[in-house]
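Each value in this text was obtained by applying a stated rule to the coordinates, not by laboratory testing. Here the structure is a predicted model, which is why all the values come from computation and not from measurement. Every residue, glycine as well, gets a Cβ built from its backbone with ideal geometry; the counts of neighbours run over all protein chains shown.
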Amino acid sequence: MTVPSAAVQVPRRRVVLGQIVRVDEAYGRELGVPPIVLFPTLIAALLPELLGLLIGLLLGKGPLGTARRPLKSLRKGPEYLVTPLWVRDADDSLVEVEVHGHVSRSALLRTDRIRTVASRPKGDLPLVAGPIENLTTGRLLRPRRATLVSHLGVALILQAVLGVLLIAAVVVLVGLR
């Protein structure tokens with residue numbers, strides 16, 4: 001047997017068409033929030049919060065409590081479900097495909113025929129399925145995983161945008177003098 005001189009190129013995207021052989025139990029996977037995104041967002045959101053506390057003290061209502069989650073919870077990132085599937089492809093080979101996001105138990109059953117465009121995130125990790133067309137039931141499945149916006153929350157992001165606008169207004173006003 002000869003050893004190839006160059007590394008074998010594995011395609012990053014591939015169409016998987018075949019029959020489901022096994023559906024493994026779904027498990028949760030965390031997606032970390034990069035500090036370069038989290039800390040500027042928190043710092044920008046701090047200014048409107050401090051302004052609100054100052055206004056509350058001036059109006060005599062006392063400091064208003066906030067419902068901010070702890071930093072450890074925000075850094076942990078969103079968790080999404082991963083469901084591993086084993087599919088027997090058209091060329092009779094077994095292909096492991098991961099479905100990222102919530103999929104009901106009855107949506108993908110053993111012996112269902114599916115078609116999906118799967119991509120390989122990096123290295124030797126399993127393929128990640130895109131929208132899955134279940135040819136047996138005729139359903140199109142689009143599992144959606146949690147995003148950074150859904151994890152941080154719309155309120156925190158709006159507060160950070162307001163903080164950036166306040167900082168920009170102060171910079172412009174100081175620059176005019």
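Tell me, Asp89, Asp112 in order of fewest to most beta-carbon neighbours within 10 Å? Present the calculation step by step, with values, prior to reporting the outcome.
Numbers: Asp89 15, Asp112 18.
With the fewest neighbours first, Asp89, Asp112 line up as Asp89, Asp112.
Anisotropy class assigned to the range 118-162 is oblate, per the alpha carbon gyration tensor with a/c at or over the 1.5 cut-off and a/b no larger than b/c. Given H placed on each backbone N at 1.01 Å, which residues far from Gly18 in sequence or on other chains put an amide H within less than 5 Å of it? Amide H neighbours of Gly18: Ile114. Just going by the charge dipole of the range 63-116, with Lys and Arg at +1 and Asp and Glu at -1 on Cβ, which of Leu81, His100, Leu71 is farthest out on the positive end? Highest projection toward the positive end goes to Leu71. Here the residues Lys76, Lys122, ranked from fewest to most Cβ neighbours within 10 Å of their Cβ, fall in the order Lys122, Lys76. A simple spin-label model places pseudo-atoms 7 Å from Cα toward Cβ; at Glu25 and Val174 they are separated by 5.6 nm. Full extension of the segment from Phe39 to Arg110, taken as 0.36 nm per residue of separation minus the current Cα-Cα distance, would add 21.1 nm. Centroid-to-centroid, using Cα positions, the range 33-54 and the range 135-177 are 13 Å apart. Among (i) 21.3; (ii) 20.2; (iii) 18.1, which is the computed Kirkwood radius over Cα pairs in Å? So the calculated entry is the one marked (ii). Using Cβ point charges alone (K and R +1, D and E -1), the dipole size of the chain about the Cα centre works out to roughly 400 debye.
Note on Ile157 and Glu96: their simple-model spin labels are 3.3 nm apart, each label 7 Å out from Cα toward Cβ.
Based on the Cβ-Cβ distance from Arg68 to Arg142, what FRET efficiency comes out when R0 is 30 Å, to the nearest 0.05? Plugging the Cβ-Cβ distance into 1/(1 + (r/R0)^6) gives 0.40.
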